[in-house]
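Structure first, commentary second.
The values are calculated or read from the model by the stated rules, or taken from the named source; none is laboratory data. This structure is a prediction, so every number in the text was calculated from the model and none was measured. Using ideal geometry, Cβ is built from the backbone for each residue, glycine included, and neighbour counts are taken over all protein chains shown. With ligands, DNA and RNA removed, areas are computed over all heavy atoms of the protein, side chains included. Shrake-Rupley method; radii C 1.70, N 1.55, O 1.52, S 1.80 Å.
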Amino acid sequence: MEVNTPSAKVWKQFKRNKMAFGGLLFIALLFFMGILGYLIIPDKTPMANTMYLQLSNKKPGRTFNFLVISRKNIKEVGFFKRMLYGQEANFKCIPITSYRIANGKVYAREYIGDDEQVEESEFPLLSGKQQYQKTFWLGTDTYGRDLLSRLVLGIRVSLSVGLMAVLISLFIGVSLGAMAGYFGGKTDGAISWFMNVIWSLPSLLLVIAISFALGKGFWQIFIAVGLSTWVDVSRLVRGQVMSLKEVEFVEAARALGFSTPRIIIRHILPNMAGPILVVASANFAAAILLETGLSFLGFGAQPPMPSWGTMIKEHYAYIIMGDAYLALLPGLAIMLTVYAFNLVAIGLRDAFDVKSQNISV
């Protein structure tokens, strides 16, 4: 027997929108990749920050030989810690062009460039595998780091900032909007005045000002972006509460003596879940754009933390120097992620049949 609940109807309607459903699958894939993190990337060291300056700006698909020249006693971390924070390498290696063993020693030519050759250097013969190959599928950045690994880890930064910023904006926006719409009068006037002041400030300038006050750092981005995106939620909730507080079931709740918080939380807010989800999806995309903008300007995630905005900042000059992909790849990742969230927002708007003029996607 087919379930015909309101949520089932919304889900069925949402799935009919192929573009929105595809956007949702893409976002789910990003979350899956972000959670797995270090388990699926080539460079499993913390923040994928292994540098080979000799391999700076190498094209995608290049394969190089490496020689292990020393080993370190590094304690191996557990599965979940390795998934979240990576595993420090227990050896030191260099890129080489040739390799041979003679008289209990290793003789190798270190790689310093495609058209350069150096004399052989002597290295100790170590136990275990000492020479291996590594392919850089998306090439290397200006510091010789694996670009694919840093792009994947950049998913974590963007999605975590978007998620936390949306939660902060929902908490502030729903709280202030519900109070303004339910109580009206001076309360509504004061909150509406405050919303209009914040609304009149450019989002990026407001985020930069908050970042100046809180300082540079990862957790500061959550607060800065969240504090700059709550006004949309608040305006929407205010209008919805003003229209819902006069309906019969709210009047009945008042007549039964229910407290104001219970009436708002248990009876009014659940009836505006659709519009709130639509705005939250749109705000998620806006938060990602704000975070990348902050990182590009140097106020966001600080090096060596991999962030798409920081990657564009480090490589935008290469757009006219033959290595445009260094900046275009993180830019494409930003574009596709934001587009996916906007598609989901449009799909939710159509599925919930939201007609409110306070919602713009």
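Could you sort 195, 321, 164 by their accessible area in this structure, using a 1.4 Å probe and putting the largest first?
321, 164, 195
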Whole-percent pair-distance distribution, where bins are 20 Å wide, for the alpha carbons of the chain: 24, 45, 23, 8, 1
Per principal axis, descending, Cα span of segment 106-180 in whole Å: 76, 32, 17
Nearest-0.05 FRET efficiency for residue 103 and residue 25, computed from C-beta distance (R0 41 Å): 0.10
Heavy-atom accessible area order for 334, 101, largest first, 1.4 Å probe: 101, 334
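Using the crude model of +1 on Lys and Arg Cβ and -1 on Asp and Glu Cβ, and no other charge, please compute the dipole size for segment 71-193 relative to its Cα centre, in debye to 20.
Using Cβ point charges on Lys, Arg, Asp and Glu, segment 71-193 gives about 640 debye.
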Top of 17, 90, 103 by mean-square fluctuation, Gaussian network on the chain, Cα under 10 Å: 103
Cα centre as origin, Lys/Arg/Asp/Glu Cβ charges: segment 1-119 dipole, Debye: 540
In degrees, nearest ten, helix 325-352 long axis to first principal axis of the chain (Cα): 20
Principal axis box of segment 54-198, alpha-carbon based, largest edge first, Å: 91, 37, 19
232, 114, ranked by accessible area, largest first (probe 1.4 Å): 114, 232
Rg over Rh, two decimals, segment 93-136 (C-alpha only, Kirkwood Rh): 0.97
Choice from 150, 100, 16 showing the highest fluctuation, given a GNM over the chain with Cα pairs closer than 10 Å: 100
Volume per residue that the Cα convex hull of segment 139-224 spans, once the total is divided by residue count, Å³: 114
Degrees between helix 185-200 axis and first principal axis of the chain (Cα, 0 to 90, nearest 10): 30
Per-selection Rg to Rh, segment 1-135 - Cα, Kirkwood hydrodynamic radius: 1.24
Computed accessible area, residue 325, all protein chains, 1.4 angstrom probe, square angstrom: 40
Degrees separating the helix 203-214 axis from the principal Cα axis of the chain, which is the longest one: 70
FRET efficiency estimate (nearest 0.05) - Cβ-Cβ, residue 7 to residue 187, R0 30 angstrom: 0.35
Equivalent ellipsoid, segment 241-322 (semi-axes from 5 times Cα gyration tensor eigenvalues, Å): 49, 12, 7
